[in-house]
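Since the structure comes first, as structure tokens, the remarks are kept for the end.
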Amino acid sequence: MAHHGKEGVIKVAGNVAANVTGFTLETSADVVEETALTNSAKAFLAGRTSFSGSIECHWDEGDTAQEALDVGTSLAFILLPEGNTSGDVSFSGTGIVTGMSVAVTMDGVTSRSVTFQGTGALTQGTVS
């Protein structure tokens, strides 16, 4: 089933982030080659996993969740691409804020962009 982007929600350190305009979650796994000399095709084993992401929002200095996004801070994140209703998919983990930028344009809304690097495991679950 397809979902509209307007359903997405982000929680930072337990607080819902206001004015979010988008987010990205990237996951990856290392692979280790286990090919024997006599094999004609390469074989691999799954290794360690990692995750990172970005959050885009309209600047809101009164938003507790946004204000917690200081570079170098380790925070608990919950990313909810379907929304925050019982049964919706959730991705949760701890990440370190690795970057933050603010963009101001003459005729636009001031925006904040934040990047984070996950530390530890990312958990996929559902909203209860």
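General observations
- Considering only alpha-carbon pairs that sit under 8 angstrom and 6 or more positions apart, the relative contact order computed for the chain is 27 percent.
- Solvent-accessible area per residue, Å², over the chain with all protein chains present [probe radius 1.4 Å]: 62 Å²
- Applied to segment 73-83, the Karplus parametrisation 6.51 cos²θ - 1.76 cosθ + 1.60 on θ = phi - 60° returns per-residue 3J(HN,Hα) values of 7, 9, 9, 7, 10, 10, 9, 10, x, 9, x Hz, with x for Gly and Pro.
- Backbone geometry of segment 10-26 corresponds, through the Karplus equation with coefficients 6.51, -1.76 and 1.60 at θ = phi - 60°, to 3J(HN,Hα) couplings of 10, 10, 10, 6, x, 10, 6, 7, 8, 6, 6, 10, x, 8, 10, 10, 10 Hz, x marking Gly and Pro.
- Identified option (computed percent of Cα pairs over 27 Å apart; candidates [x] 15; [y] 30; [z] 11): [y]
- Computed from backbone phi with θ = phi - 60° and the Karplus coefficients 6.51, -1.76 and 1.60, the 3J(HN,Hα) list for segment 99-116 is x, 8, 9, 10, 10, 10, 10, 4, 10, x, 7, 5, 10, 10, 10, 10, 10, 9 Hz; x is used for glycine and proline.
- Cβ-derived FRET efficiency at R0 41 Å, A121 paired with A36, nearest 0.05: 0.85
- Segment 1-104, accessible surface, carbon-and-sulfur percent (1.4 angstrom probe): 52 percent
- Neighbourhood net charge (15 Å Cβ-Cβ; Lys/Arg +1, Asp/Glu -1) for I78: -2
The values are calculated or read from the model by the stated rules, or taken from the named source; none is laboratory data. The model shown is predicted, which means the values in this text are computed figures rather than measured ones. With ideal geometry, Cβ positions are generated from the backbone for all residues, glycine too; neighbour counts draw on all protein chains shown. These accessible areas exclude ligands, DNA and RNA; they are computed on the full protein's heavy atoms, side chains included. Shrake-Rupley method; radii C 1.70, N 1.55, O 1.52, S 1.80 Å.
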